[in-house]
Amino acid sequence: MMGEETKSLHLDEGLSVKEEELGQAEGKMNQVEDEQPEEVEEEDEEDEEALPHSEFLDIFEEGLARLVQDPLLCDLPIQVTLEEVNSQVALEYGQAMTVRVCKADGEVMPIVVVQNAMVLDLKKAIQRFMELKQQREGGVKHVSWRYVWRTFHLVFQGEKLDDDKMKLKDYGIRNRDEVTFMKRLRKK
């Protein structure tokens, strides 16, 4: 059975390995595993059994709560996401800016975007902000953003932010500037 001895396995990235070599490598790995002391294996199993998922989550949340108490991150909610932490750090390093989006009901949403963000980036950041807010408050599960952007538009100093590909800087928007979330007037 000469054909079986030279039979090759093709791996990702175009590499091929003869079955013999693969079998030898597996044998060496098994030999190394057998040489490890049994005490280490027992400790690993005990550690896995000693920490159920719920306890691990509790420990993680406690650590996260301590992290959020840091003066740099104190503005973040307790149930913070990695995206929010990265945005806050980018703000501190001057790589991002906060755009205050004012709604008709008086609510102001602090939206963090990168310094060279376009209008589309601001819209996506607003969507993400609202989705996180709804998740935390247990509100509406789904919002049709297509409908929202057809019905409302963003305005900065009386100028509509119509061009999604235009940079916020080109509209004159800087850190901590206010943009209004305004209902479009229907043409008759």
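The values are calculated or read from the model by the stated rules, or taken from the named source; none is laboratory data. Predicted model, so just to flag it, every value in this text is computed and none were measured. Neighbour counts run over all protein chains shown; Cβ positions are idealised from the backbone, glycine included. Accessible surface is based on the protein model in full, side chains and every heavy atom, while ligands, DNA and RNA are left aside. Shrake-Rupley method; radii C 1.70, N 1.55, O 1.52, S 1.80 Å.
In this structure, ASP34 does not satisfy being surrounded by 10 or more Cβ atoms within 10 Å (Cβ to Cβ) and either of a type in the set (Asp, Glu) or at pLDDT below 55 (or both). Residues that are under 19 Å from LYS165 (Cβ atoms), in contact (Cβ under 8 Å) with a residue 40 or more places away in the chain and not polar (S, T, N, Q) within the range 88-120 comprise MET97, VAL99, VAL113, ALA117, MET118, VAL119, LEU120, listed in sequence order. Annotation note: Cβ proximity below 9 Å between a residue of the range 122-136 that is under 22 Å from ILE173 (Cβ atoms) and a residue that is surrounded by fewer than 18 Cβ atoms within 10 Å (Cβ to Cβ) and of a type in the set (D, E, K, R) (sequence gap 6+ or interchain) occurs for LYS123/ASP164; ARG128/GLU83.
One residue alone among GLU55, GLU45 is at pLDDT below 85, more than 30 Å from ALA125 (Cα to Cα) and either in a helix (DSSP H, G or I) or open to solvent by 80 Å² or more (accessible area, probe 1.4 Å) (or both), and that residue is GLU45. Considering only the range 158-188, how many residues are touching a strand residue (DSSP E or B) at 6+ places or on another chain (Cβ under 9 Å), outside any helix (DSSP H, G or I) and either exposed (fewer than 10 other Cβ atoms within 10 Å of the Cβ) or not hydroxyl-bearing (Ser, Thr, Tyr) (or both)? Residues that pass the stated criteria total 20. Residues in the range 115-152 that are over 20 Å from THR81 (Cα atoms), of a type in the set (A, V, I, L, M) and in contact with a strand residue (DSSP E or B) (Cβ under 6 Å, 6 or more places away or on another chain): MET118 only.
Quick grid of which residues meet (1) polar (S, T, N, Q); (2) at pLDDT 90 or above; (3) within 30 Å of LYS183 (Cα to Cα); (4) loosely packed, with under 14 Cβ neighbours inside 10 Å:
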| site | (1), (2), (3), (4) |
| --- | --- |
| PHE60 | no, no, no, yes |
| LEU72 | no, no, no, yes |
| LEU76 | no, no, yes, no |
| VAL85 | no, no, no, no |
| GLY106 | no, yes, yes, yes |
| ASN116 | yes, yes, yes, yes |
| ARG150 | no, yes, yes, yes |
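Residues in the range 87-104 that are of a type in the set (Val, Ile, Thr) and open to solvent by less than 20 Å² (accessible area, probe 1.4 Å): VAL99, VAL101.
Could you check the range 130-148 and list, in sequence order, the residues that are surrounded by 10 or more Cβ atoms within 10 Å (Cβ to Cβ) and in a helix (DSSP H, G or I)? Scanning the range 130-148 gives MET130, GLU131, LEU132, LYS133, GLN134, GLN135, ARG136, TRP145, VAL148.
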